[in-house]
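Following: one structure in structure tokens, then a few remarks.
What follows draws every value from the coordinates through simple rules; no lab data is involved. Just so you know, these numbers come straight off a predicted model, no measurement behind them. Every residue, glycine among them, receives a Cβ derived from its backbone with ideal geometry; neighbour counts consider all protein chains shown.
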Amino acid sequence: MSITTPGDLPSKPSVYHGSCHCGTIRYSIKLTFPIVKSNDRLAKLVRVYKCNCTTCHKMAMFHCRVANPATDFILTSPSAIEEMGEYRTAEKVIGWYFCKNCGVRVFGVGGGWVQREIDGGEWGEAADEGVRKTVWATEEGPLIKRVFDGKEIEMPLHYVSVNAVTLEGVDLREWHEKGWMFYVDRRFDSKPGFRWEGPYENIVIALQD
Ligand SMILES: [Zn+2]
């Protein structure tokens, strides 16, 4: 399936705030709506999807991938990365972060953490216009090999996916009704593509096999 675009052109990115339940972890992202639907895995687009690999399935990860990890995601709390819980599995290139206090899984990051000074106004706080703040952002990590459409590509690791259920102010019903969500079947499809038509079967996963 080739790229399908909604009638309207994408608008300017808007800032959305997210957090765990107790507020220890707070972050902000920039998303552009309407979402441009594309099957191109390398396109720099916002993507919202569910994946049934054992990691995503057990973590109840509802992926919301930002278009540009370097510019579209900041962590405003806690002040030290080590204060968050972190789980790595499979190739261990992505850290899946959770709150050590309330247990909520907030996002996955692949790449490096870097401190950056930002203008609060640029991140959705009108009262903070012109106020400089130091926050965490992410940067490219080491080169990794990935296979896209049968071709192996070497590219810098840079991945940010927030758990959409920790976002405030997004309309999940709109995402569903406009067909912006897709599903990835990594359990039973040998070449998992983006499945726009609906969820895969709910299956029981036996991790011990
Ligand atoms: Zn918490």
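The table that follows gives values for the structure above.
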item: Extended-chain gain in nm, criterion 0.36 nm per residue less alpha-carbon gap, K145 and E168; result: 4.8 nm
item: The chain: calculated mean residue ellipticity at 222 nm from DSSP helix runs of at least 4, using -39500 (n - 2.57); result: -1500 deg cm²/dmol
item: Cα gyration tensor shape of region 46-88, rounded if a/c is under 1.5, else prolate or oblate by comparing a/b with b/c; result: oblate
item: Compactness index (Cα Rg / 2.2 N^0.38 Å), the chain; result: 1.03
item: Prolate/oblate/rounded call for region 124-209, Cα gyration tensor, a/c under 1.5 rounded; result: oblate
item: FRET efficiency for E129 and E82, using Cβ-Cβ distance with R0 set to 30 Å, rounded to 0.05; result: 0.40
item: Region 15-85: radius of gyration and largest Cα-Cα distance (Dmax), Å; result: 13.7, 37
item: Overall form of region 1-123 per C-alpha gyration tensor (a/c, 1.5; a/b vs b/c); result: oblate
item: Table column - 3J(HN,Hα) (Hz), region 117-129, Karplus curve with 6.51, -1.76, 1.60, x for Gly and Pro; result: 9, 10, 8, x, x, 5, 10, x, 10, 4, 5, 9, 3
item: Max mean-square fluctuation residue, GNM over the chain, Cα-Cα springs under 10 Å, options E83, E125, E91; result: E91
